[in-house]
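Just so it is clear, none of the values below were taken in a lab; they were calculated from the coordinates. On a predicted model such as this, the values are computed, not experimentally measured, just so you know. Note that each Cβ is placed from the backbone with ideal geometry, even for glycine, and that neighbours are counted across all protein chains shown.
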Amino acid sequence: MPKGSLQRATFDMLDRAGYQVSLSSRSYYPRLDDPEIEPILMRAQEIPRYVSAGALDAGLSGRDWIVETDADVVEVCDLVYSKASQSAARWVVAVAQDSSIRSPQDLQGKRIATEVVNVTRKYLADKGVEADVEFSWGATEVKVPELVDAIVELTETGSSLRANNLRVLDTVLETNTKLIASNEAWGDAWKRQKVETLAMLLQGALMGQAKVGLKMNVARASLDGVLQLLPALRQPTISALTNDEWVAVETVLDEREARDLIPQLRRAGAEGIVEYPLNKVVP
């Protein structure tokens, strides 16, 4: 499990998936209410390497660190979440706002600081550019332009780059969290099933976070009009009520749709509309 910026978001995702996680102060060994899983916290940068070596059966890390360490792992599933949002992040080349560097080719012979040295060198090689790429231990944004000509930095919203008067030149790599497994564990039937179950529940938790349930009562005379408004994973569920002239309708939809849809449903004849959160949605 990733320690650091992703730790809180990972714990929250596991909680929604049905796993209770607890961690003592200063401990690197969380407690999980599944005796068949032994978790350990470490930096996301290191996880692919240890999974690749078989020291760990599975792990949660970013696509960026899989590529950076050239890890030979099984990519079980994508889990698109981050410390600030439920979307992918980007490693970008950034320069000072007033820099004369306007294209990747202008990086020829320049000095670039980054945490993802191998990713950056491959990007430059693909562009036919030779530059001096150095490892940065952090606070990379402050190094431009006095110490380096450009940086390759991770961003979700771009706010930190703008705050440091930097301009994005190009995207080097898009990344998101992945559940990965070692080849040895994937070849073990019991471990593979355990990892696949974990993947299903974690994906369901992320899908559930973005969706809500709606249930309502609808007169049969108004049912066709209401159904035309309703999205659903497959089809809305319709149940009979004690009053034969009415039915109960239930569906799942994106949370952002509910605000505009509920008034339309009410005007179409739906009554007793209830919106409720979902922990998991498993298609």
For labels at GLU196 and ILE262 in the simple 7 Å Cα→Cβ model, what's the distance in nm?
-> 4.0 nm
Under 12 Å from the Cα of LYS143 - aspartates and glutamates, other chains or at least 8 residues apart = GLU134, GLU153
Give the label of the value calculated from the structure for Cα extents along the principal axes in Å, choosing from (1) 50, 48, 42; (2) 55, 49, 37; (3) 78, 48, 36.
-> (3)
Return the distance in nm (one decimal) between the two label points of a simple spin-label model at ASP33 and GLN105, each offset 7 Å from Cα along Cα→Cβ.
-> 6.0 nm
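For ILE47, ILE66, ILE40, what ranking results if the residue with the fewest other Cβ atoms within 10 Å of its Cβ goes first? Don't skip to the answer; put the middle values down first.
Values: ILE47 27, ILE66 21, ILE40 14.
Placing the least packed residue first, the sequence is ILE40, ILE66, ILE47.
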Amide proton proximity set for ASP170, modelled H, under 5 Å, gap of 5+ | VAL93
Which residue fluctuates the most in the chain, going by a Gaussian network model with Cα springs under 10 Å, if the choices are ARG121, ARG266, ARG26?
-> ARG26
Can you list residues whose amide H is under 5 Å from LYS3's amide H, if they're 5+ apart or on another chain and H is modeled 1.01 Å from N?
-> MET42, ARG43, ALA44
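Using a 10 Å cut-off around each Cβ, can you sort TYR276, TYR50, TYR28 from fewest to most neighbouring Cβ atoms?
Working: TYR276 9, TYR50 18, TYR28 12.
Ordered from fewest to most neighbouring Cβ atoms within 10 Å, TYR276, TYR50, TYR28 come out as TYR276, TYR28, TYR50.
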Enumerate the calculated ³J(HN,Hα) couplings along the stretch 61-72 in order (Karplus 6.51 cos²θ - 1.76 cosθ + 1.60, θ = phi - 60°), each rounded to whole Hz, writing x wherever the residue is Gly or Pro.
-> 8, x, 4, 4, 7, 5, 5, 4, 8, 6, 6, 8
Assertion target for LEU241, LEU198, ordered by fewest C-beta neighbours within 10 angstrom first, is LEU241, LEU198
Quick one: check the C-alpha center-to-center distance for the stretch 92-120 versus the stretch 180-210, whole angstrom.
-> 37 Å
List the longest stretch of the chain that has no exposed loop site; here a site is one of the GluC sites (Glu not before Pro) assigned by DSSP to anything other than H, G, I, E or B, with at most 13 other Cβ within 10 Å.
-> 147-244
Of the cross-linked pairs LYS122/LYS178; LYS122/LYS280; LYS3/LYS211; LYS122/LYS211, which ones have a Cα-Cα span greater than 30 Å in the structure shown?
-> LYS122/LYS280; LYS122/LYS211
In order through the stretch 91-106: 3J(HN,Hα) via Karplus (6.51 cos²θ - 1.76 cosθ + 1.60), integer Hz, x for Gly, Pro = 8, 10, 7, 10, 9, 5, 3, 9, 5, 7, 6, 10, 8, x, 5, 6
Highest GNM mean-square fluctuation among ARG49, ARG259, ARG167, for the chain with Cα springs under 10 Å, belongs to ARG259
So in the stretch 89-175, what percent of DSSP beta bridges are antiparallel if you round to the nearest 5?
-> 65 percent
HN-Hα couplings for the stretch 110-118 via Karplus (6.51, -1.76, 1.60; θ = phi - 60°), in whole Hz with x for Gly/Pro, come out as 8, 9, 10, 10, 6, 8, 9, 5, 5
